[in-house]
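A.B. asks: Here you go, one structure.
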Amino acid sequence: MPLSTLYSQELLKVSGQVKGKDDGYPIPGVTVSIKGSKTATSTDGDGRFSIQAPKGSVMIFTAIGFEAGETQVSTSQLNVTLIPVSSMLSEVTVVGVSMKKKDLTGSVGHLSGEKIKELPVTSVNQAIQGRIPGVLIQNNDPRPGGNATIKIRGNNSIQFGSNPIYVVDGLVIEDGFNSINPDDIASVDVLKDASATALYGSRGANGVVVITSKKGVKGEGRFDYNAWAGLQSFTRNVQYLNASQIVDLRVDAYANKYMDDNPGSDRQAYINSLLATGSSAFGNDELETYKQGKSYNWLDEIRRQGIQQNHAVGFSKGTEEGSVYVSLNYTNQKGLLKNSNYKRYGGQVNLDQKIKRWLKIGTNTSFSRTEEGYIDGGVFNIAANANPLLAINDTTNYLSWKGIQSTDLYNPLRSLRIDGKGNQNRLLTTNYIVLNPVEGLNIRSGFSADIRNQNYYNYFPRDIGQSLRNSTNGSATHKKDNWLNWQWDNSISYDRNYGRHNFSGLVSFGLTRNNYDYNQITAWGFATDDFSYKYLGGAYLKDKFQLASDFVTNSLISYVARLNYSYDNKYFATLTSRYDGSSRFGNGNRWGLFPSLALSWDIGKEEFMRNLRFDILKVRAGYGIAGNQNIPNFAYRSLYWPQISNNSVTYVSDGRLGNESLRWEKQKQLNFGLDGAILNNRLSFSADYFVIHNDDLLMRRTLSSTTGFSNTIDNVGSLLNKGVEFLVNIQAVKKKEVQWDFSLNISSYKNKITKLYGNVDAIYNFGGFTGVEIQREGNLFLGRSLNSIYTYQFDRVAQESDMERIADIDFGGRTIRPGDIIPIDQNGDRKIDDADRVVVGKTDPKFYGGFSSNLFYRNLSLNAVFNYNYGGRRVNYFYEGLMGGTGEYAGVEDQLDRWTPQNTDTDIPRAYRGAGRYSIGETDYSVQSISFLRLTALTVSYDFKQNFVKKANLRNLKLYFTTSNLFTLTKYKGYDPEGGDGYPTARMFVTGINVGF
């Protein structure tokens, strides 16, 4: 139509609003133009626009990240909905083929890149914690650069292989997840049931985390800069006893022992002697500190304010022919303890390009380098539990109690001189070629590699306690690890519609090889500390050098077939089969077949459901078998190592008997699910119930010494795991200027051991000082959780009124007096022995999950993310040590309420220095709840209005302030119920900016 004709028609002032189809939120910055004209405008911060347009003309709406929309002008009021770009973002790459997410049938959890950006974190596990049902993530290593553990649907193996695999753009990785930059992630999909994980067969038994990195999208080129920086401090401080309180506790402990041994003696006179010169209970330096009224805090000398910063820049652009995404990132974390730090440098390059109409090539490649500074593992606990009566100094090599130095208590200030460093270089690359000879047919071949080199170095100076105790005269260690893991995947897929019928199929063949080698050298005897670990040639105790190395390779061959069928977009079926061959098993047992079937029915689309107004109501069911091969290499062989003895070579066993009959661990999983949405998707939910039977479980079992071996690995166990998962999303308020949405997920699982080897109904974990004492953890019992805690059960603190009742009980040589612990006689035989040990709890939570709230008012938003864990228990070894009651070790304020003849209404045992009674660690006294509710992040942000952004030649500008780990509600008596007590968990106050050009 000629322009003169176009403008001669009736002009209308057209106004309206543009929103996204998926979330219904206004879209700012949408270009609104008239087809065949240069007239154009853009939407404001509320997605609103106004433009003069001829009646009958066509208006075009374009925005980054959305498919272009067109509509004909027939009225002055126009509301438009744009569909997010799906050609890339709705695809994931699995087993060497790009699939639509809708084809990942079964139970799948999803987290978008936008949700990941809500938290100031530097690892993917931290980003998804508490946000996907069925995924239990615990940040139990809060050191800078520390790893979080992850379990999907609980434990599904007794000993080998409890972690899921990660698939990054089609490349399978099994560890080192911290090298993945969250800023480069477009989405995370967690595959949970056997149908969803069936594509991975032997490798998906414990779930699969599929990470899809960002790609360029169609439209104008983009440049984004995201940065944040934060200050860190301890989330929690333990209330230790000060010097004066330690003196009172120790005096009480000694006096109680003295009065037990010397009834009728003068208690006060004895106490006076304890506080006099030449005391048997105190060193002279301790008494001097006490008299001066001083108290020393050694922990303050090694702690500091932590600082963390993160910077990421991204460049992207997409066309009909291809796309490009390039990013750079930098992370720097200065830990809460001196000398602990972590840095990560990284970059990502994602390219895809059509060479011909029927030919496309691409690569997803990332490189990262991490650098770590380590603090010696004992520094924190030694400093935290140091004697408050001991003056702080950096000259003595060992700390003391009672004026006596202990060679187990290295001076933490001198231990800070230990030089510990580490670095890692990692290249992840996936490269592919795709042929589309005819419509619907895709032929793909891809080669992926995970190349990793890791170095660890440390040096112990000549004059610190560790070197003096071991007579090393200084020692240095070098360890170098190398991994080269590659996969070659080839697939053919076909997708075709026949009326209401849709068929899609996939066949693929893959090869995987994992290579690992390491070498380590420890050198003793250095003339000077000047060169640290950097000059091993300077070590002179050559006969004490320690050398170690190994080279290991394992491989996997896989064949996969998958068929999807749907009818009328209401009835769905997926059949998958994978056939794997693993080098970790011997001949005859290397191959395993892992089939699955998934069915679903979208009831909400049925005619009889129309009046019920469900936007979605889909039922799902799936059944499948997965496998596990995560056992030590060559477990089917007996291994021997050469040694020189009397000038002749002998071969010595490593203690493990090879087992040629080892076979695949099998997991049979049944899953039922329901997905629903009502009120125009303002309320949506998803629920799952699963039953997992794990058979032929691979575990190590002890052998009689008469066999000449100590253990073997065998298929001997079975484990049953059941659970439920629920997720609900609510758009509670959806108005022009105010929106509020809320999300909640909750999950629960229970496992129990259903079979051990032979007729055995219990396998005990022995240890302790004698090596034959039953430990509280690590025992296996039929019918019980894999993670049971087994010990005597605490009854009460004895009172005078209990003495007659317990007088004839055999306490195994112990004497119980008022103020002491009484264990429960479970079988009533008036004797406390191993028959009275019981399962007192388990570390498994009863339920866990998270919830979040997003409140928007104009350009201001308030976001809160919580995670919680309820019902689990754990032995608190940290608290146990502080409750010894002797005063010869650090204590906590709970001991101020200890039992005395004047304070009998308490469950805190009396102070006591000596043996002959039950200690805290012999019962479940220190088995504590690890339930918690944590405010993971609270964020206030401001998105600048679109008119301001346009004037500044920007695409978007956002400022935000976040507090992470602001509070944790828990009854756990330690530093953190999740992070534990080996390194403090951090609270952080963050300021950040997101800007787009």
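The values are calculated or read from the model by the stated rules, or taken from the named source; none is laboratory data. Values in this document were obtained by computation on a predicted structure and should not be read as measured data. Here the Cβ positions follow ideal geometry from the backbone for every residue, glycine too, while neighbour counts run over all protein chains shown.
A.B. asks: Pairs needed: first member in the range 899-917, touching a residue at least 40 places away in the same chain (Cβ under 8 Å); second member anywhere, assigned to a loop (DSSP other than H, G, I, E, B) and among the aromatic types (Phe, Trp, Tyr); C-beta distance under 9 Å; at least 6 residues apart or different chains.
C.D. replies: 906/899; 907/899; 908/899; 909/899; 909/918; 910/899; 911/899; 917/811
A.B. asks: Give the residue that is surrounded by the most Cβ atoms within 10 Å (Cβ to Cβ), with candidates limited to residues of the range 675-706 that are within 29 Å of residue 157 (Cβ to Cβ) and aromatic (Phe, Trp, Tyr).
C.D. replies: 690
A.B. asks: Taking the condition in contact with a Phe, Trp or Tyr (Cβ under 8 Å, 6 or more places away or on another chain) and in a strand (DSSP E or B), does residue 906 pass? Can you show your working first?
C.D. replies: On the way: in contact with a Phe, Trp or Tyr (Cβ under 8 Å, 6 or more places away or on another chain): yes; in a strand (DSSP E or B): no.
For residue 906, the condition - in contact with a Phe, Trp or Tyr (Cβ under 8 Å, 6 or more places away or on another chain) and in a strand (DSSP E or B) - is not met.
A.B. asks: Among the candidates 778, 812, 783, 767, which residue alone is free of Cβ contacts under 8 Å to residues at least 12 places away in the same chain and small (Gly, Ala, Ser)?
C.D. replies: Values: 778 fails: free of Cβ contacts under 8 Å to residues at least 12 places away in the same chain; 812 fails: free of Cβ contacts under 8 Å to residues at least 12 places away in the same chain; 783 fails: free of Cβ contacts under 8 Å to residues at least 12 places away in the same chain.
Only one candidate passes the filter, namely 767.
A.B. asks: Mind checking which residues of the range 574-608 are aromatic (Phe, Trp, Tyr) and either part of a strand (DSSP E or B) or buried (at least 22 other Cβ atoms within 10 Å of the Cβ) (or both)? Working first, answer last.
C.D. replies: Taking the range 574-608 as the starting set, the residues that turn out to be aromatic (Phe, Trp, Tyr) are 579, 585, 591, 594, 601, 608.
Correct list: 579, 591, 594, 601.
A.B. asks: What number of residues within the range 841-864 are surrounded by fewer than 18 Cβ atoms within 10 Å (Cβ to Cβ) and on the phi > 0 side of the Ramachandran plot?
C.D. replies: Residues meeting the conditions: 1.
A.B. asks: Another question about this same structure. Against the definition (touching a helix residue (DSSP H, G or I) at 6+ places or on another chain (Cβ under 7 Å), buried (at least 21 other Cβ atoms within 10 Å of the Cβ), at pLDDT 95 or above and at negative phi), how does residue 912 come out, yes or no? Reasoning before the result, please.
C.D. replies: Details: touching a helix residue (DSSP H, G or I) at 6+ places or on another chain (Cβ under 7 Å): yes; buried (at least 21 other Cβ atoms within 10 Å of the Cβ): yes; at pLDDT 95 or above: yes; at negative phi: yes.
In short, yes.
A.B. asks: Ok, one more. Of the conditions (1) farther than 20 Å from residue 107 by Cα; (2) touching a Leu at 6+ places or on another chain (Cβ under 9 Å); (3) modelled with pLDDT under 95, residue 188 fails just one. Which one is it?
C.D. replies: Here residue 188 clears every test but (1).
A.B. asks: State whether the residues of the range 286-304 include one that is under 30 Å from residue 377 (Cβ atoms), in contact with a Leu (Cβ under 8 Å, 6 or more places away or on another chain), in contact (Cβ under 8 Å) with a residue 60 or more places away in the chain and in a strand (DSSP E or B).
C.D. replies: Among the residues of the range 286-304, at least one is under 30 Å from residue 377 (Cβ atoms), in contact with a Leu (Cβ under 8 Å, 6 or more places away or on another chain), in contact (Cβ under 8 Å) with a residue 60 or more places away in the chain and in a strand (DSSP E or B), which makes the answer yes.
A.B. asks: Going through the range 395-420 one residue at a time, which ones are over 22 Å from residue 471 (Cβ atoms) and of a type in the set (D, E, K, R)?
C.D. replies: Correct list: 402 only.
A.B. asks: Is there a residue being among the polar types (S, T, N, Q), more than 27 Å from residue 432 (Cβ to Cβ) and either at pLDDT 85 or above or within 16 Å of the chain's Cα centre (by Cα) (or both) anywhere in the range 145-153?
C.D. replies: Initial filter on the range 145-153 (among the polar types (S, T, N, Q)): 147, 149.
Remaining after also requiring more than 27 Å from residue 432 (Cβ to Cβ): 147, 149.
Remaining after also requiring either at pLDDT 85 or above or within 16 Å of the chain's Cα centre (by Cα) (or both): 147, 149.
Yes; the residues of the range 145-153 include at least one that is among the polar types (S, T, N, Q), more than 27 Å from residue 432 (Cβ to Cβ) and either at pLDDT 85 or above or within 16 Å of the chain's Cα centre (by Cα) (or both).
A.B. asks: What's the number of the condition residue 751 fails, among (1) modelled with pLDDT of 90 or more; (2) at positive phi?
C.D. replies: Going through (1) modelled with pLDDT of 90 or more; (2) at positive phi one by one, residue 751 breaks only (2).
A.B. asks: Any idea how many residues of the range 936-962 are in contact (Cβ under 8 Å) with a residue 60 or more places away in the chain, of a type outside the set (Phe, Trp, Tyr) and either in contact with a strand residue (DSSP E or B) (Cβ under 6 Å, 6 or more places away or on another chain) or in a loop (DSSP other than H, G, I, E, B) (or both)?
C.D. replies: Summing the residues that are in contact (Cβ under 8 Å) with a residue 60 or more places away in the chain, of a type outside the set (Phe, Trp, Tyr) and either in contact with a strand residue (DSSP E or B) (Cβ under 6 Å, 6 or more places away or on another chain) or in a loop (DSSP other than H, G, I, E, B) (or both) in the range 936-962 gives 12.
A.B. asks: Turning to a different aspect of this structure: Can you tell me which condition residue 319 does not meet? The list is (1) buried (at least 18 other Cβ atoms within 10 Å of the Cβ); (2) more than 29 Å from the chain's Cα centre (by Cα), and all the others hold.
C.D. replies: Among (1) buried (at least 18 other Cβ atoms within 10 Å of the Cβ); (2) more than 29 Å from the chain's Cα centre (by Cα), the lone unmet condition for residue 319 is (1).
A.B. asks: Can you pull out every residue in the range 521-535 that is among the β-branched types (Val, Ile, Thr) and surrounded by fewer than 18 Cβ atoms within 10 Å (Cβ to Cβ)? Talk me through it step by step, then tell me what you get.
C.D. replies: As a first pass, look at the range 521-535 and keep what is among the β-branched types (Val, Ile, Thr): 521-522, 528.
Scanning the range 521-535 gives 521, 528.
A.B. asks: Kindly provide the set of residues from the range 961-987 that are modelled with pLDDT of 95 or more and either of a type in the set (A, V, I, L, M) or on the phi > 0 side of the Ramachandran plot (or both), ordered by number.
C.D. replies: 969
A.B. asks: Select from the range 956-993 the residues that are surrounded by 20 or more Cβ atoms within 10 Å (Cβ to Cβ) and aliphatic (A, V, I, L, M) and write down the one among them that is farthest from the chain's Cα centre (by Cα).
C.D. replies: 990
A.B. asks: Moving on to the next point. Please state which of the following conditions residue 279 fails to meet, knowing it meets all the rest: (1) assigned to a loop (DSSP other than H, G, I, E, B); (2) touching a Lys or Arg at 6+ places or on another chain (Cβ under 7 Å); (3) free of Cβ contacts under 8 Å to residues at least 24 places away in the same chain.
C.D. replies: (2)
A.B. asks: Another question, then. Can you pull out the residues in the range 449-473 that are in contact (Cβ under 8 Å) with a residue 60 or more places away in the chain and hydrophobic (A, V, I, L, M, F, W, C)?
C.D. replies: Of everything in the range 449-473, those that are in contact (Cβ under 8 Å) with a residue 60 or more places away in the chain and hydrophobic (A, V, I, L, M, F, W, C) turn out to be 449, 464, 468.
A.B. asks: For the range 421-439: of the residues being at pLDDT 95 or above and of a type in the set (D, E, K, R), which is nearest to residue 481 (Cα to Cα)?
C.D. replies: The qualifying residue nearest to residue 481 (Cα to Cα) is 426.
A.B. asks: Sticking with this one: Against the conditions (1) within 32 Å of the chain's Cα centre (by Cα); (2) outside any strand (DSSP E or B), where does residue 611 fall short? Just the number, please.
C.D. replies: Residue 611 satisfies all of (1) within 32 Å of the chain's Cα centre (by Cα); (2) outside any strand (DSSP E or B) except (1).
A.B. asks: Would you pick out the residues in the range 198-233 that are over 26 Å from residue 351 (Cα atoms), of a type in the set (Ser, Thr, Tyr) and touching a Ser or Thr at 6+ places or on another chain (Cβ under 8 Å)? Give the derivation first.
C.D. replies: Our first condition is that a residue be over 26 Å from residue 351 (Cα atoms); within the range 198-233, this holds for 198, 201-207, 228-233.
Within this subset, residues satisfying the condition of being of a type in the set (Ser, Thr, Tyr) are 202, 233.
Answer for the range 198-233, where residues must be over 26 Å from residue 351 (Cα atoms), of a type in the set (Ser, Thr, Tyr) and touching a Ser or Thr at 6+ places or on another chain (Cβ under 8 Å): just 202.
A.B. asks: Enumerate the strands (runs of 3 or more DSSP E) found wholly within the range 432-527, keeping only those where 2 or more residues are over 21 Å from residue 364 (Cβ atoms), in contact with a helix residue (DSSP H, G or I) (Cβ under 6 Å, 6 or more places away or on another chain) and among the hydrophobic types (A, V, I, L, M, F, W, C).
C.D. replies: Working: elements: 441-460, 475-498, 501-524.
Hits in the range 432-527: 501-524.
A.B. asks: Next up: For the range 163-211, enumerate the residues that are more than 19 Å from the chain's Cα centre (by Cα) and under 24 Å from residue 579 (Cβ atoms).
C.D. replies: 170, 171, 193, 194, 195, 196, 197, 198, 199, 200, 201, 202
A.B. asks: Okay, next question. So, in the range 220-269, exactly how many residues are assigned to a loop (DSSP other than H, G, I, E, B) and surrounded by 15 or more Cβ atoms within 10 Å (Cβ to Cβ)?
C.D. replies: In the first step, residues of the range 220-269 are kept if they are assigned to a loop (DSSP other than H, G, I, E, B); the result is 235-239, 241-242, 262-266.
Adding the requirement that they be surrounded by 15 or more Cβ atoms within 10 Å (Cβ to Cβ) leaves 235-236, 238, 241-242.
Qualifying residue count, the range 220-269: 5.
A.B. asks: Let me ask you something else. From the list 829, 825, pick out the single residue that is assigned to a loop (DSSP other than H, G, I, E, B), closer than 30 Å to residue 758 by Cβ, among the charged types (D, E, K, R) and free of Cβ contacts under 8 Å to residues at least 40 places away in the same chain.
C.D. replies: Numbers: 825 fails: closer than 30 Å to residue 758 by Cβ.
The match here is 829.
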